[in-house]
1. How many times 2.2 N^0.38 Å is the alpha carbon radius of gyration of the stretch 152-299?
2. Please name which of Thr283, Trp108, Ala189 has its Cα lying farthest along the dipole of the stretch 52-328 towards the positive end, using unit charges on Cβ (Lys, Arg +1; Asp, Glu -1) and the Cα centre as origin.
3. Mind listing the long-range amide H neighbours of His68? Cut-off is under 5 Å, sequence gap 5 or more, other chains count too, H placed in the peptide plane at 1.01 Å from N.
4. Hey, can you grab everything whose amide H is under 5 Å from the amide H of Leu188? Only 5+ residues off in sequence or another chain; H modelled, so Pro and N-termini drop out.
5. Can you give the Rg to Rh ratio for the chain, taking only C-alpha atoms and Rh from Kirkwood?
6. For a footprinting-style exposure proxy, rank His130, His260 by other Cβ within 10 Å, fewest first.
7. At a Cα cut-off below 15 Å, give the aspartates and glutamates reachable from Lys36, other chains included and same-chain residues fewer than 8 away excluded.
8. What's the FRET efficiency of Arg312 with Glu224 using the Cβ-Cβ distance as r and R₀ = 25 Å, to the nearest 0.05?
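Derivation of every value follows stated rules applied to the coordinates shown; laboratory data play no part. Since the model is a prediction, treat every value here as computed from it, not as a measurement. So basically every Cβ, Gly included, is an ideal-geometry build from the backbone, and we count neighbours across all protein chains shown.
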Amino acid sequence: MKFPVPPAWWPALALLSPVLVPYLLVKSRRFRAGQKRAAEENRERLGEARALELPALESVEVTVVVEHRAEDDFRSAAGVSYVLASDRGRLLVDVGFGAQDGTFLENWQRLGLAMDDLAGLLITHLHLDHMGGMRAARTNQVLIPPELAPSRGLTCFAPEACSSPFFTVKRVEAPRLLPGGFATTGPLARMLFFLGYTYEQALVARLSGKGLAVITGCGHPTIEVILALVCKLCPEPVHTIAGGLHLPVTASPTTTFGIHLQRLLGTGKSWCDPIDDEDVSRTIRSIKDAGASRLLLSAHDSCNYALERFRREVDAETDVLVAGRSYKLV
């Protein structure tokens, strides 16, 4: 398996070791403390979670606006944006890199979508590939291309405090119902070694006659924690799991100067303990235990090796999400 930082960088890292070693020692202490805090906080949230009256949705369709894989006429990017359409309304989930690279705008227009047709926007977590790009992350704002700005007030449901020139931001603090008949798990915590303490929320939909659909952004809190919370919200079985699981075992969808960014920046493990086969195996066991019969997996934060393991080892209808396509859940 490839190293997150290729050997060509090692001489430079050795020269920088007088600075890097103290930095990593401090980071390691903070990381361990953050891990403990996140585990305790998630236990509290699980203990406080109560059942929601999720409506049975007669139709649910996922349209992929931004993903790492794309149809020939669409642009690809290692970010995420989906439109969830039900018989009760449409909800936009994440905005990829927003206006940063043109992917969101071009794909949105090619799909013939309109902001004014939405019932709301949900941001799974405040990372640049979900909230609108580098400027969005730097200024803690949810940003989209200005030419797509809605002409009426639209609520953005975010797991942490942020702002937006385009939406009215409402911070989500606990599981709750959302427009379109969907629900959120509320924020769940994960300590990431380089990116720090992160809150992420997942979506839940009750598919009429089938069970539950769980939609993640990156799945940073781990699918085990997410599914444990979902089980508290509704007693029905899990039918579909869609979105990111963050398993860049052999490579990262995004690399810079040969450095596998997701293997370093998005992992909930130490810098010297990269994502490996056991992490994939644990995730597969959790999905099998949940009984999911359909997987719609994101390639924006998982490598082909991990995605292929899901295809081979999980007895479920499995697809990798592709920008420009729509997937009917019910």
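1. 1.10
2. Ranked along the dipole, the leading option is Ala189.
3. Ala77, Gly79, Ala299, His300
4. Amide H neighbours of Leu188, under 5 Å, 5+ apart: Glu200, Gln201.
5. Working: Rg = 19.1 Å, Rh = 20.0 Å.
Computed over Cα atoms, the ratio is 0.95.
6. His260, His130
7. Glu44
8. 0.75
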